[in-house]
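To keep things clear, I will list the structure first and then write my remarks on it.
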Amino acid sequence: MATSGEAPESWYLALLGFAEHFRTSSPPKIRLCVHCLQAVFQFKPPQRVEARTHLQLGSVLYHHTKNTELETPWICLLSELYCQQNLVDSAKPLLRKAIQISQQTPYWHCRLLFQLAQLHTLEKDLVSACDLLGVGAEYARVVGSEYTRALFLLSKGMLLLMERKLGEVHPLLTLCGTIVENWQGNPIQKESLRVFFLVLQVTHYLDAGQVKSVKPCLKQLQQCIQTISTLHDDEILPSNPADLFHWLPKEHMCVLVYLVTVMHSMQAGYLEKAQKYTDKALMQLEKLKMLDSSPILSTFQVILLEHIIMCRLVTGHKATALQEISQVCQLCAQSPRLFTNHASQLHTLLGLYCISVNCMDNAEAQFTAALRLTTHQELWAFIVTNLASVYIREGNRHQELYSLLERINPDHNFPVRRFLRETLKMSNAEDLNRLTACSLVLLGHIFYVLGNHRESSNMVVPAMQLASKIPDMSVQLWSSALLKDLNKACGNTIDAHEAAQMHQNFSQQLLQDHIAACSLPEHNLISWTDGPPPVGQFQAQNGPTTSLANLL
């Protein structure tokens with residue numbers, strides 16, 4: 001045994017040498033080998049050494065344990081260690097073997113199926129993951145665990161939503177709803193199933209843009225999380241070992257409910273409400289991250305910031321948006337997987353910021369980088385539409401614009417006004433306030449150009465009212481300019497002067513914010529289009545000056 005005065009490598013190599021000697025003895029002395037490896041942890045070694053020793057310990061126990069009931073947990077642990085070391089291809093065959101031999105131990109069999117499904121999901125192989133979750137649901141049904149059957153089915157529903165297989169999602173959610181309502185068991189487990197189910201339902205509605213229709217589901221979800229927060233964790237273990245699972249800790253569920261509420265508020269155009277719930281969620285996350293290193297918390301944080309950044313750009317707070325984009329860069333720099341999953345969104349947000357400060361070349365570069373990094377259909381359409389707006393603003397990019405329009409919609413020979421009226425009708429029906437305001441002001445502009453001042457006014461006045469309620473600074477600026485020209489054309493001098501004053505006020509606010517944003521060190525982020533997020537060289541000296549400065 002090494003003395004305290006020796007270098008750490010000496011005691012580590014000595015213990016490793018003893019362990020290897022005992023392992024290769026004839027017959028192998030596995031108990032002594034394990035003791036030597038376990039002794040490494042007494043010295044509090046560096047994290048890299050600790051992880052490697054765990055892996056060696058797991059490997060020894062896996063290869064020299066014959067008891068199936070002991071072998072399965074060790075395979076499970078070993079596969080987790082392989083994943084931590086990014087050795088996913090080594091983990092998969094282990095898990096498949098464990099799944100084959102664990103059918104008589106329901107808890108471990110279900111856990112291994114979840115684990116392998118998660119590996120396939122991380123590798124974007126959602127078809128294999130869905131198949132495994134389907135197998136798990138049927139196994140849980142056979143062993144009499146309706147609770148875990150619901151967990152498998154809800155997990156499958158989540159992946160089907162990610163795959164956009166909406167035809168399969170609806171019947172699956174209907175089945176899950178029945179199972180969840182009929183299951184009688186631990187109140188926290190039941191309510192957590194309801195939260196999972198309702199989160200998927202709300203997401204399903206929001207994906208379809210059904211902001212008004214989703215309200216009853218969202219209200220149920222908010223009531224459900226309030227119920228969970230009043231329940232005490234029950235220490236009584238379920239009688240069925242297959243029921244020994246929990247979807248998420250209730251603190252994580254609380255943040256998730258805040259997140260879907262923010263998503264709803266953003267889509268509906270209630271931006272002040274989105275801000276309020278984002279602040280609450282970020283405060284909760286900050287408290288949780290002091291005690292909990294779960295990667296899902298950083299994911300929640302990034303998604304919340306992505307939403308609030310869009311909110312800032314709409315309300316005319318570009319400088320704050322830029323500082324929050326920098327915070328997303330910092331979070332992504334800490335996790336390669338997080339960056340891989342959010343790189344396209346990050347470049348898209350930078351592209352939107354570039355448009356807001358009139359840096360069109362940089363906006364084009366950012367959107368081009370974002371397109372290169374995504375295969376997500378809706379995100380692709382959003383990026384391409386914004387890239388088209390860049391070409392329109394530049395005024396001399398007709399060929400690129402037509403090529404882009406061809407990619408968005410090959411049959412784009414439609415009557416624009418009728419199309420806009422249809423948009424207005426749909427957005428009105430679902431309370432999509434921002435879409436309604438944008439449609440109204442654009443129609444108002446068209447009618448103004450055509451000389452139909454009365455019809456133009458009928459569009460622009462409600463557009464301004466709605467934009468003030470959101471508030472949407474760009475639509476307010478556009479509407480006030482149109483109102484000024486309309487009133488001037490109609491000879492309404494006083495109203496024209498009032499509209500001109502409003503337009504001047506909005507212009508001044510935007511100009512001051514523009515100057516503040518462009519003077520920040522983070523403004524240099526607009527030139528980053530490749531590789532990992534740059535952290536350090538673009539940080540402000542005194543940190544962000546926003547209400548979120550102390551939260552992140």
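Only a single item in (1) in a helix (DSSP H, G or I); (2) within 30 Å of residue 295 (Cα to Cα) is not met by residue 374, and it is number (1). Residue-level check: of (1) part of a helix (DSSP H, G or I); (2) modelled with pLDDT of 75 or more; (3) open to solvent by less than 40 Å² (accessible area, probe 1.4 Å), residue 45 misses just (1). Of the numbered criteria (1) free of Cβ contacts under 8 Å to residues at least 24 places away in the same chain; (2) touching a Ser or Thr at 6+ places or on another chain (Cβ under 7 Å); (3) crowded, with 17+ Cβ neighbours inside 10 Å, the one residue 428 fails is (3). Within region 82-100, which residues are modelled with pLDDT of 75 or more and in contact with a His (Cβ under 9 Å, 6 or more places away or on another chain)? Within region 82-100, 92, 98, 99 meet the criteria.
Taking the criterion of being closer than 27 Å to residue 339 by Cα and either of a type in the set (D, E, K, R) or touching a Pro at 6+ places or on another chain (Cβ under 7 Å) (or both), the residues of region 86-133 that qualify are 89, 92, 123, 124, 125.
Might you check whether a residue that is among the polar types (S, T, N, Q) and under 26 Å from the mean Cα position of the chain (by Cα) occurs anywhere in region 349-363? Break it down stepwise before answering.
Just the residues of region 349-363 that are among the polar types (S, T, N, Q), to begin with: 356, 358, 362.
Still in the list and also under 26 Å from the mean Cα position of the chain (by Cα): 356, 362.
Yes; the residues of region 349-363 include at least one that is among the polar types (S, T, N, Q) and under 26 Å from the mean Cα position of the chain (by Cα).
Let's see how each residue does on (1) in a helix (DSSP H, G or I); (2) aromatic (Phe, Trp, Tyr); (3) closer than 18 Å to residue 307 by Cβ:
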position	(1), (2), (3)
344	yes, no, yes
362	yes, no, no
378	yes, no, yes
386	yes, no, yes
402	yes, yes, no
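Is it the case that some residue within region 198-217 is of a type in the set (A, V, I, L, M), over 29 Å from residue 379 (Cα atoms), open to solvent by less than 50 Å² (accessible area, probe 1.4 Å) and in a helix (DSSP H, G or I)? Within region 198-217, not a single residue is of a type in the set (A, V, I, L, M), over 29 Å from residue 379 (Cα atoms), open to solvent by less than 50 Å² (accessible area, probe 1.4 Å) and in a helix (DSSP H, G or I). For region 506-528, filtering for residues that are part of a helix (DSSP H, G or I) and either open to solvent by 80 Å² or more (accessible area, probe 1.4 Å) or not aliphatic (A, V, I, L, M) (or both) leaves 15.
Highlighted here are the helices (runs of 4 or more DSSP H) found entirely within region 80-185 that include at least 2 residues which are among the small types (Gly, Ala, Ser): 88-101, 126-142, 146-162, 166-182.
The values are calculated or read from the model by the stated rules, or taken from the named source; none is laboratory data. Note that the structure is predicted; figures quoted are calculated from it, not measured. Reconstructed Cβ throughout: ideal geometry from the backbone, glycine too, with neighbour counts over all protein chains shown. All accessible areas refer to the heavy atoms of the entire protein, side chains included, with ligands and DNA or RNA removed. Shrake-Rupley method; radii C 1.70, N 1.55, O 1.52, S 1.80 Å.
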